[in-house]
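Note sheet for the following structure.
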Ligand code: HEM
């Protein structure tokens, strides 16, 4: 926990600029109750690429969907593949099993090269298979449009696997609005969303014309190392409330500007659950995400539980939490769907 020493900022030194937007942080004398860490990318990295590839089928053990995702995974081990990738499974509320590979690149050229050879075909008409849907959702934010927060500096997830290091504990944590304060671009830009994503079909394929400043959060929990009372607290107190919040966002999230929410199980290459989950959601405006986090009873309760969890288990806590948030410009998004049901990802925007 923090004493009276100076705390660093979550914003990396080379991304700090004079603020024209007021920070939500009210006093430099403020100290968060608990330490948080952020991943530090090398200062030479200007942009990252994060690609969500999905295969969707009504039957959970569809061999073509499984074989396709395995092939895609193999292609990522070849030249120009990602620095890091995760496998995940999510059964949506229409009963479809969605298999994901979430892949991360810091080298945009490598992504372009890999995508041209192995990625673009994923949603091409030539990849049409009866009974299987494919989708590609790519965001390529510049680094001033990203923030991450971790409860542990020794358990990198997602974007942090691209980082050079983890930061020291920082000041912009533990108050509503701290996520915005950590996003470098908000020093000068309120990142208001503009427009609405909408699809154009050609045959079984739909390409989305994106909106400006789409917000995306990946928020995860690793409970694989928890035991005893800590594990019980997570599974019995935190997780059911979290699931209720995730169901709300999936079903009624549009009232907050949430276009889509998936609460996914992380799996290994054999599709065995590894006791980690993450939610990924897409928002029309960062402020809708903030409002939900601050005001919805589920997140407010999760937040309070997290505080109790930290107070009770403190520095020995083995529940590891993190999130990565980004606000993405129109020209840095690519969402494409082949033979998917009409509530999949951003297709659901038109369907409602
Ligand atoms: C077990 C699950 C979760 C726990 C324990 C949890 C707890 C917390 C805590 C303690 C904070 C304050 C961190 C900080 O900024 O210093 C926070 C912030 C936040 N959480 Fe969660 N959370 C969970 C899941 C989620 C999920 C799934 C989402 C979104 C889909 C989410 C959205 C947010 C947002 C947007 C903030 C930043 C709010 C702001 O700074 O104004 N959280 N959460």
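I need 50, 149 ordered by Cβ neighbour count within 10 Å, fewest first.
So the residues, fewest neighbours to most, are 149, 50.
Can you give me the distance in nm between label points at residue 331 and residue 192, each placed 7 Å from the Cα along the Cα-to-Cβ direction?
2.2 nm
Cβ neighbours within 10 Å, averaged per peptide: list 208-214, 174-180 in order, most packed at the top.
In descending order of packing, they fall as 208-214, 174-180.
I need the shape label for segment 168-267. Rule: rounded when a/c is under 1.5, else prolate if a/b > b/c, else oblate, with a, b, c from the alpha carbon gyration tensor.
Working: a/c = 2.42, a/b = 1.34, b/c = 1.80.
Judged from the Cα gyration tensor, segment 168-267 comes out oblate (a/c at least 1.5, b/c at or above a/b).
Where a ≥ b ≥ c are the square roots of the eigenvalues of the C-alpha gyration tensor, would you call segment 119-237 rounded, which needs a/c under 1.5, or, failing that, prolate if a/b is larger than b/c, or oblate?
Details: a/c = 2.34, a/b = 1.42, b/c = 1.65.
It is oblate, given that a/c is not under 1.5 and a/b is not larger than b/c.
Take each of the peptides 198-205, 285-292, average the number of other beta-carbon atoms within 10 Å over its residues, and list them starting from the highest.
Highest mean packing first, the order is 285-292, 198-205.
Once a ≥ b ≥ c are taken as the square roots of the eigenvalues of the Cα gyration tensor of segment 261-331, is the result rounded (a/c under 1.5), prolate (a/b larger than b/c) or oblate (a/b not larger than b/c)?
Here segment 261-331 falls in the oblate category.
Scaled to the compact-protein estimate 2.2 N^0.38 Å, what is the alpha-carbon radius of gyration of the chain, rounded to two decimal places? Before the final figure, lay out the partial values.
Working: Rg = 19.7 Å, N = 352, 2.2 N^0.38 = 20.4 Å.
Here the answer is 0.96, to two decimals.
If you rank 337, 30 by fewest surrounding Cβ atoms within 10 Å, what's the result? Present the calculation step by step, with values, prior to reporting the outcome.
Numbers: 337 26, 30 15.
If I rank by nearby Cβ atoms, fewest first, I get 30, 337.
Percent relative contact order of the chain, based on C-alpha pairs within less than 8 angstrom and at least six residues apart? Write down the numbers at each step before the final one.
Details: 720 pairs, mean separation 86.6, N = 352.
Averaging sequence separation for qualifying contacts and normalising by length gives 25 percent for the chain.
Please order 24, 145, 277 by the number of other Cβ within 10 Å, starting at the fewest.
Lowest count first: 24, 277, 145.
Set the Förster radius R0 to 45 Å, insert the Cβ-Cβ distance between residue 313 and residue 79 as r into 1/(1 + (r/R0)^6), and round the FRET efficiency to 0.05. It would help to have the intermediate numbers written out before the result.
Working: r = 44 Å, r/R0 = 0.98.
Here the calculated transfer efficiency is 0.55.
Between 131, 253, 228, find the one with the highest GNM mean-square fluctuation for the chain; connect C-alpha pairs within less than 10 Å.
With Cα springs under 10 Å in the chain, the top fluctuation among 131, 253, 228 is at 228.
Any idea what the alpha-carbon Rg over 2.2 N^0.38 Å comes to for segment 241-283?
1.31
What distance in nm separates the simple spin-label points at residue 8 and residue 227, each placed 7 Å from Cα in the Cβ direction?
Roughly 3.2 nm, to one decimal.
Just to confirm the number: angle between the C-alpha axis of helix 63-75 and the first principal axis of the chain, 0 to 90 degrees, nearest 10?
60 degrees
Just so you know, all these numbers are worked out from the coordinates, no wet-lab data involved. Please read these numbers as outputs of a predicted model, since none were measured by experiment. Heads up, the Cβs are rebuilt from the backbone with ideal geometry, glycines too, and the neighbour counts pull from every protein chain shown.
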